[in-house]
Amino acid sequence: MKITKKLCLAAIIISIAVFVALFLFPFTPTDNPIYNSLISNMISRLAGSVVFILTINYLGINIFKGKIINAVFIIPCAAVALNNFPFIPVIGGNATVEDADSFWIIVLIIECVLVAVFEETAFRGTLTVLMCKNCKSTGKLILKIFIASAIFGLLHFVNLLEGADIGSVLVQIGYSTLIGAMCSALLFVCGNIIPCIIVHTVYNFCGQLGGEIAWDNATVIITVFVSVIAAAALVYGVIKHGFDNFQKIYSKTSHDFKKND
């Protein structure tokens, strides 16, 4: 199917309508408010994902078609994502896993996938790529990655509108910025957005399944260790592969927009 400007605009209008409808008329298909929240998130993120997947295809950004390369760099990122589950506190009895039935787990997995698809296509596949389009060197590419990731993090200020306290929002902005930078780097190292979506899904699922992390000394040490390893690996990967792979993702001929759509 040919992706045109009119199709993208139609998808954007429908998506905005879905977001507004869910905000004004909360969707409550069950008696459980947690289920209802997850299902509403699924619907809104699905609508948003469609918009950005269509937009990415229209702009000629090649983040789905290319072969996944340098897959070894996914390993340290996966370690960071898995570490979002409080293994040591749970084993030590200082934290508990969310009490959930199979339906909740299934809904949570789907919601985590859709949130990851939406955020990765919107912020990594669209925002970060477009911000980096005029970069002429690896240094500028790294700088734009951090700027785009900071924008992603700062957008979490909207959680204040949902009643979150300023302290938790500031913490969320911090780790969201770092996760955004990690996924952006992974995109440019691997040349495909699928690893980013997988890592993001696992990170969100582990975080929601484990609830609040009890920050004991062992958890802090492990978190710092896996984070430093992942950061070092990705910086090396971006320096060695990032700029060349970005040229393939967003080549000069791939975004020749048609004016008469």
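Assorted remarks:
- Near pairs, Cβ below 6 angstrom, 6+ apart or cross-chain, from segment 52-81 (at positive phi) to any residue that is crowded, with 21+ Cβ neighbours inside 10 Å: ASN70/VAL189; ASN70/CYS190
- Taken together, the criteria exclude GLY211 from residues that are within 16 Å of the chain's Cα centre (by Cα), modelled with pLDDT under 95, in the same structural domain as GLU120 (by TED's automatic domain parsing) and not basic (Lys, Arg).
Here is a yes/no grid of residues against (1) among the aliphatic types (A, V, I, L, M); (2) under 17 Å from GLU120 (Cα atoms); (3) assigned to a helix (DSSP H, G or I); (4) in the same structural domain as ILE194 (by TED's automatic domain parsing):
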site: ILE3; (1), (2), (3), (4): yes, no, no, no
site: ALA10; (1), (2), (3), (4): yes, no, yes, no
site: PHE23; (1), (2), (3), (4): no, no, yes, no
site: ILE43; (1), (2), (3), (4): yes, yes, yes, no
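- Scope segment 55-109; condition assigned to a loop (DSSP other than H, G, I, E, B) and farther than 28 Å from ALA218 by Cα; matching residues: GLY60, ILE61, ASN62, ILE63, PHE64, LYS65, GLY66, LYS67, ILE68, ILE69, ASN70, ASP101
- Sole exception among (1) part of a helix (DSSP H, G or I); (2) free of Cβ contacts under 8 Å to residues at least 60 places away in the same chain for CYS183, by number: (2)
- Complete set of residues in segment 110-142 that are touching a Phe, Trp or Tyr at 6+ places or on another chain (Cβ under 7 Å), within 26 Å of LYS240 (Cα to Cα) and assigned to a helix (DSSP H, G or I): THR121, ALA122, PHE123, GLY125, THR126, VAL129, THR138, LEU141
- If the condition is being surrounded by 11 or more Cβ atoms within 10 Å (Cβ to Cβ), under 30 Å from LEU234 (Cα atoms) and out of contact with any Leu (no Cβ under 9 Å at 6 or more places or on another chain), then segment 159-181 contributes ASN159, SER168, LEU170, VAL171, GLN172, GLY174, TYR175, LEU178, ILE179, GLY180.
- Test: residue in segment 176-193 that is assigned by TED's automatic domain parsing to the domain that holds VAL117, closer than 26 Å to GLY93 by Cα and of a type in the set (A, V, I, L, M, F, W, C): no
The values are calculated or read from the model by the stated rules, or taken from the named source; none is laboratory data. Just so it is clear, the structure is predicted and the values come from calculations on it, not from any experiment. Because the Cβ atoms are built from the backbone with ideal geometry, glycine has one as well, and the counts that use them run over all protein chains shown.
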